[in-house]
Amino acid sequence: MPLSQPLQPATTVQIFQRQPNLKVVAAGEVIFEAGQPGDYMYGLISGEVEEFVDGVLKETIYSGDVFGVGALVHPDGQRVSTAIAKTECQLAYIDQERFLYVVQETPMFAIEVVRSYSNRLRHFKKHPMDNP
């Protein structure tokens, strides 16, 4: 049975956030840095965010997607990437306690977060013909 098509992950984050307003960040602003504690996951309501690992651009995140959840689910709670707003962005965000609550109460949210990350990881997979 195929999974239904619920709200985009970022919209779901916005619905479950406790803050009445979105966080707005300017183009070029650092959202978080590698090595910092990861206090929040983010839903990108509008704009684009670039993620860097060791100073190398690894991916661009687009409106409707989520990012930063890794630090909420790994025991060390540390960021492994640096996220910088490529354009002005509107971000919804939730902390670990709220994230765990939402996952427990809304399993489809967890599936959508996993799907979001899976879709992005597929872009990193090399086609067998690319390896000589």
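General remarks:
- When L44 is tested against (1) part of a strand (DSSP E or B); (2) over 27 Å from T106 (Cα atoms); (3) not hydroxyl-bearing (S, T, Y), only condition (2) is not met.
- Residue pairs whose Cβ atoms lie under 7 Å apart, separated by 6 or more positions or on different chains, with the first residue in the stretch 65-82 and closer than 13 Å to S118 by Cα and the second buried (at least 19 other Cβ atoms within 10 Å of the Cβ) and among the charged types (D, E, K, R), are F67/E51.
- Whichever residue in the stretch 5-40 is at pLDDT 90 or above and crowded, with 17+ Cβ neighbours inside 10 Å and, among such residues, is nearest to D76 (Cα to Cα): G38
- Yes/no for I94 being part of a strand (DSSP E or B) and at pLDDT below 90: yes
- Taking first residues from the stretch 97-113 that are without any contact (Cβ under 8 Å) to a residue 24 or more places away in the chain and partners that are surrounded by 15 or more Cβ atoms within 10 Å (Cβ to Cβ) and aromatic (F, W, Y), the Cβ contacts under 7 Å between residues at least 6 apart in sequence or on separate chains come to V103/F109.
The values are calculated or read from the model by the stated rules, or taken from the named source; none is laboratory data. Please read all numbers here as calculations on a predicted model, not as lab measurements. Every residue, glycine among them, receives a Cβ derived from its backbone with ideal geometry; neighbour counts consider all protein chains shown.
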